[in-house]
Amino acid sequence: MSLVPKRRRWSGVALVVVVALVGAAASWGAAIGAGNTEQRYTAQLMDRYTSDLNRAISTELQRYGDTLADVAIALGAQDDLNAEHFNWITSKVSNRRLPGATSLSFVVSSQDTGVAMLEEYWRGKGAPDLRLQPVSKGVEHTFVVFNKSFDGVPVTTGQDLTSIPETDETLDEARIVGALAVSRAYVFPADRALPVEQQQLSFTLAMPVYFKNGPIRGWLNLGVHGGDLLNETMRAQAHGAVTAELSDPDGVKGRVVAQAIADEARPSTTFSRTSWITAGLRQWKLQVHPTERLLTETDRGIVSSAWALGLTITILLTALVGILTGARNRAMSKVDSATAALRLDIERRQQVETKLRQREYELQQMALHDPLTGLANRAGLDDRLARTVGVRDDVALLLIDLDDFKLVNDAYGHAAGDLMLTRIAEILGSSVRAEDVAARIGGDEFVVLLTDVPDADSALAAAQRILATAAASPVQLGDDVMPVRASVGVTTARPGDTPKDLLRRADIAMYQAKNLGTHGVQLHDPSMSDARAAEAQLGDDLAGALERGELTVLYQPLVDLSDSRPIGVEALVRWHHPELGMVSPNRFIPIAERNGLINTLGLWVLREACQQVVGWDSDTYVSVNLSPRQLQEQTLVADVLTVLQLTGLEPGRLVLEITESALVDDVAAITMLAEFRAHGIRVAIDDFGTGYSSLHYLTRLPVDILKIDRSFVAELNGTPEGAGITEAILRLSHALHLTTVAEGIETTEQATELQMLGCGIGQGYLFAEPLPVEKMASLLARSSQPPSALS
């Protein structure tokens, strides 16, 4: 182990010697190349100064052009240009932003014949002292109309610029190219009176000004002292290190545009630089020469510096070798620590990746599963159907729809509905095998996809097991226990089936089961019709039934049970279909509610009934049914009042019937019924006792009449048990000061028992079936005594 440090020590000494020799050789080589380095450095500085000057002068020329373009656009936008516009638009233009600028003029042109008219026109535009001074005849004159001086030297307005060839050429060039033009260098007329040593070459920039609709309006003419421009640029960019000369090779004998030359200028073929600047359509030549100051500053004593640098590097490298040798072991230990930390970081990254994959799996599960029930959703079912249907022929599909689910939502709220949905989901989950799929595809619709089903009987047996389990698993909703009831449609796979075919057949079978009664199962049979398609066709036919006169209103009398005399009528709509014959209201009213026709249909029945009853005895009232869908229309109250106004029927002779379930938790409907009562219209609850409202809730409803459902009337058989519910409803109505009407009376015994229980009004086939207008009018006419009042 002791040999290792010694070997490292002698290695360090040898390295010091090598570094010293290499440093001496490098210093000698550096001294030889010092001169070349200085020259390269000077050349680089000259290149930089030349580039900076070129860029700075080009930038100033661009700024001149941009300023003139902005002012030209602003002047051209004026509908009636005058001196005030010119002064206001050019108020922000100064030689602080435009170094070397002397004046800015607005120039217009005219032929000989139009000079006087032009002078008169611009005098009226804010130049009252304008006097146009044409210098010759037979040419197009260009006159200065408005002017702004930047250097304090006034420019005479009215001057004819055709007298200055350089300016005249520039204006023509600007008109031809439609953009900025730059003149040849020349001495401004205003400067020619100065001593020769104070005169400097200058140039002008011209920019055409156009009307908004296109024609040329004039020019903007900007005068610039070339020397001032170049000297200002040199002060900002060169700092006395170089001198420059700006010339126009295309001008007369290559005329110099501007010069900035110092006494210590040192033109050199090695270091002098030439570059070109674009000025409008011209190319200016920029020559840059070094000064004594630059050459002195670049002579930095590189030879001696190289020797000193070599020795310094040798010392530094020797010290560095010693430091590195001592730090080697420490560095190796740090490397080990870093390696361990890297391994730990890799492990952490692997853990993060594992969590990300787990989260990705969870998101996939969320995308394919219903969040409420945990069952597969429609996407999950479609995925499984796509992988199963057409591949296997031992497949069956069960479509399950909960019965009366909407009533549960209406009566107990959506939280109770969610509880019932989760219960049926639990039942389905426990009733199917792991390889089968249970899915929720709609609000209260579920699907079970079964595999390994040998025949249709096995599929029916599975559906029966699900219904039996559901019937044995009621849901506790507050104080009530609700059974879970459903209708199930069953179908098995057939050759050539698609997932859509399987779902459609199960849907048809489910509707057949629902039409035959709740909580039942139906296996699809080819003879079954598509109930939804039939309903859609019936809905289309119903849409035109009013116009075709297929709908009629029948009237069933409401009688005083004490003497069987009619005191009112209930309006009932009937539809005689040209092909199907008489269509039951129980069939077409739900269709009208779903497709929105119920609002039109309901108002038509109301109008027909009111118009008919207004001509009968003044004490006879009419009872008209309202659909829950109509109660959702905000204009219903206004519509009903309009019908009463048009027909002339008194509000007290109209009763509006609504079902009990339509009012549960519907604040808007309750408010609407209160408005009806405020206008004198009475409100009745139809089929009372079949809904979900509590007795406490009934005390807050704005109603006048309770109609006892026919199912309770049918139970009347002269025994206390048969009359229990009816008697309870009558006592409740008396306690709440409500009138009661018994529906569905078919026997004299029922009528007698109802009268004994305290019910005063009834209706049913015992007294009369729903009658056409003529027969109803005849029945009312046969009444020998006035009908008793509804109270």
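Values computed for the structure shown
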{"quantity": "Net charge of Cβ neighbours under 12 Å - reference LEU230; Lys, Arg +1; Asp, Glu -1", "calculated": "-3"}
{"quantity": "Listed peptides 200-211, 74-85 by packing density, highest first (mean Cβ within 10 Å)", "calculated": "200-211, 74-85"}
{"quantity": "Options ALA533, SER94, GLY744, ranked by Cα towards positive dipole end of the chain, top entry (Cβ charges)", "calculated": "SER94"}
{"quantity": "Distance (nanometres) between label positions extended 7 Å along Cα→Cβ at HIS414 and GLN350", "calculated": "4.7 nm"}
{"quantity": "Other-chain or far-sequence residues with amide H under 5 Å of GLY568's (modelled H)", "calculated": "LEU558, TYR621"}
{"quantity": "With Cα atoms, 0 to 90° folded angle of helix 748-757 axis to the chain main axis", "calculated": "70 degrees"}
{"quantity": "Label point distance in nm, THR747-ASP639, each placed 7 Å from Cα along Cα→Cβ", "calculated": "4.2 nm"}
{"quantity": "For the chain, size of Cβ-based charge dipole, Lys and Arg +1, Asp and Glu -1, in debye", "calculated": "5500 debye"}
{"quantity": "Cβ-Cβ FRET estimate between ALA461 and SER337, R0 fixed at 60 Å, reported to 0.05", "calculated": "0.30"}
{"quantity": "Cα convex hull of the chain - mean projected area over all directions, nm²", "calculated": "73.7 nm²"}
{"quantity": "For the chain, share of DSSP beta bridges that run antiparallel, in % to the nearest 5", "calculated": "75 percent"}
{"quantity": "Hydrodynamic radius (Kirkwood) for region 372-519, which is based on Cα pairs only, to one decimal in Å", "calculated": "15.5 Å"}
{"quantity": "Sparse-neighbourhood loop sites, GluC sites (Glu not before Pro) in region 175-251 - DSSP loop, at most 15 other Cβ within 10 angstrom", "calculated": "none"}
{"quantity": "Rounded to 10°, Cα long-axis angle of helix 414-431 versus longest principal axis of the chain", "calculated": "80 degrees"}
{"quantity": "Region 534-628 - charge dipole about Cα centre, Lys and Arg +1 at Cβ, Asp and Glu -1, debye rounded to 20", "calculated": "100 debye"}
{"quantity": "Over region 449-563: Rg over Rh, Cα atoms, Kirkwood Rh", "calculated": "1.17"}
{"quantity": "In region 508-606, GluC sites (Glu not before Pro) in a DSSP loop with at most 10 other beta-carbon atoms within 10 Å", "calculated": "GLU547, GLU579"}
{"quantity": "Cross-link pairs LYS125/LYS212; LYS148/LYS285; LYS406/LYS514; LYS707/LYS775; LYS137/LYS212 - those with Cα-Cα distance over 23 Å", "calculated": "LYS148/LYS285; LYS707/LYS775; LYS137/LYS212"}
{"quantity": "Signed unit charges on C-beta, dipole axis of the chain, positive-most listed residue THR37, GLN198, SER272", "calculated": "THR37"}
{"quantity": "Degrees separating the helix 226-237 axis from the principal Cα axis of the chain, which is the longest one", "calculated": "70 degrees"}
{"quantity": "GluC sites (Glu not before Pro) restricted to region 111-176 and DSSP loop, no more than 14 other C-beta within 10 Å", "calculated": "GLU140"}
{"quantity": "Label-point separation in nm, THR719 to ALA25, each point 7 Å along Cα→Cβ", "calculated": "12.8 nm"}
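Each value in this text was obtained by applying a stated rule to the coordinates, not by laboratory testing. Quick caveat, the model's predicted, so the values are computed rather than measured. FYI the Cβ positions are ideal-geometry reconstructions off the backbone, even for glycines, and counts take in every protein chain you see.
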